[in-house]
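These notes concern the structure reproduced below.
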Amino acid sequence: MPVISFANSKGGSGKTTSALLLACELANAKPVTLIDADPRQPISRWATMGNVPSGLTVVSNVTEKNILEEIEQASSTTPFVIIDLEGTASRLMSYAVSWSDLVIIPTKEQQQDAIAAIDVIKEVHRDMKATRRQIPYSVLFTQSRVIAKSRTARLISEQFRKNPQIDTFQTEIYERDAFSALFAIGGTIRSMTSKDVNNLDAALQNVEAFTAEVVAKLRTNREKVKEVA
Ligand SMILES: Nc1ncnc2c1ncn2[C@@H]1O[C@H](COP(=O)(O)OP(=O)(O)OP(=O)(O)O)[C@@H](O)[C@H]1O
Ligand SMILES: [Mg+2]
């Protein structure tokens, strides 16, 4: 426990990158299982490149047939379970969402991504109805530009942030050399050096802020559940 899934049916919205950043950062403190539920197996491929944190276990070849057992097993053995989902809506996605304590919806500040994020939110609401329980979710802006954001980008993020019905991360995952390098050189941003990538310190700060916000959200959600009980 807890289970955190990354879902957006729009390809390339930043699910795998954000899931990996969170998993590696949390694994510095507590054991983490990262379930690779994408048939293209991007996390499993990353793991073969080495420098995987000792606290991180990657589970590969997860399909709609075995995901529920894998989540159950992982959540009984590690304090955090993170699920990277493929970029299409599927039964696999619903199964993962149904088990999640937090669904993170990574989204670029672009119209097509925003529309897909709304579709995922609708799906989460259907899963809530089906399971008759609250499933907290939050939109995470990814690959945002550090400087000179476009008007469209600002407009899209403002629309989400101003909507009281939709929880949105304050932290954005910026477009960074260190984040795209993860899949090229393997390891984590903590195993990289400033010779490998630019602005490593800023990337580290970004990941720390994101991880702290995830942990704070999990805590707040748990307290809300306690109040209801
Ligand atoms: N914050 C970032 N900074 C720089 N590059 C990024 C960032 N996030 C993602 N990318 C790059 O964008 C591409 C898509 O990212 P990623 O694979 O994380 O998206 P995804 O939502 O998992 O895609 P898919 O739906 O295909 O699984 C990758 O090449 C990745 O390296
Ligand atoms: Mg992916």
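Of all the numbered requirements in (1) part of a helix (DSSP H, G or I); (2) modelled with pLDDT of 95 or more, I166 misses one, and that requirement is (1).
Pairing residues of segment 43-70 that are at negative phi and touching a residue at least 24 places away in the same chain (Cβ under 8 Å) with residues that are among the hydrophobic types (A, V, I, L, M, F, W, C) and assigned to a loop (DSSP other than H, G, I, E, B), at Cβ distances under 6 Å and at least 6 apart in sequence or on separate chains, gives P53/A27; G55/A27; L56/A27; E70/V62.
In the condition set (1) away from ligand 1 (no atom under 13 Å from the Cβ); (2) farther than 24 Å from N206 by Cβ; (3) at pLDDT 95 or above, M1 is compliant with all but (3). Looking at segment 1-35 only, could you name the residues that are more than 9 Å from ligand 2 (Cβ to nearest atom), among the charged types (D, E, K, R) and in contact with a strand residue (DSSP E or B) (Cβ under 8 Å, 6 or more places away or on another chain)? Within segment 1-35, K10, K30 meet the criteria.
Looking only at segment 83-101, how many residues end up being surrounded by 19 or more Cβ atoms within 10 Å (Cβ to Cβ) and either touching a Gly at 6+ places or on another chain (Cβ under 7 Å) or part of a strand (DSSP E or B) (or both)? Result for segment 83-101: 3. What do you reckon, is E64 away from ligand 2 (no atom under 16 Å from the Cβ), open to solvent by 40 Å² or more (accessible area, probe 1.4 Å) and within 16 Å of R40 (Cα to Cα)? In short, yes. Checked against (1) at negative phi; (2) open to solvent by 30 Å² or more (accessible area, probe 1.4 Å), R132 passes all but a single condition, namely (1). When E25 is tested against (1) open to solvent by 50 Å² or more (accessible area, probe 1.4 Å); (2) within 16 Å of ligand 1 (Cβ to nearest atom), only condition (1) is not met.
The residue that is modelled with the lowest pLDDT, among those in segment 187-229 that are among the small types (G, A, S) and part of a loop (DSSP other than H, G, I, E, B), is A229.
If only one of S138, S144 is open to solvent by less than 10 Å² (accessible area, probe 1.4 Å), farther than 24 Å from K224 by Cβ and either of a type in the set (D, E, K, R) or within 18 Å of the chain's Cα centre (by Cα) (or both), which one is it? Quick ask: steps written out before the conclusion?
On the way: S138 fails: farther than 24 Å from K224 by Cβ.
Going through S138, S144 in turn, the sole match is S144.
Looking only at residues in segment 67-88 that are within 14 Å of ligand 2 (Cβ to nearest atom) and either in contact with a strand residue (DSSP E or B) (Cβ under 6 Å, 6 or more places away or on another chain) or acidic (D, E) (or both), which one is modelled with the lowest pLDDT?
E86
All of (1) open to solvent by less than 10 Å² (accessible area, probe 1.4 Å); (2) within 13 Å of the chain's Cα centre (by Cα); (3) within 16 Å of ligand 2 (Cβ to nearest atom) hold for W46 with one exception: (2).
The values are calculated or read from the model by the stated rules, or taken from the named source; none is laboratory data. Please read these numbers as outputs of a predicted model, since none were measured by experiment. Glycine also receives a Cβ, built like all others from the backbone with ideal geometry; neighbour counts cover every protein chain displayed. The accessibility values were calculated without ligands, DNA or RNA, using every heavy atom of the protein model including side chains. Shrake-Rupley method; radii C 1.70, N 1.55, O 1.52, S 1.80 Å.
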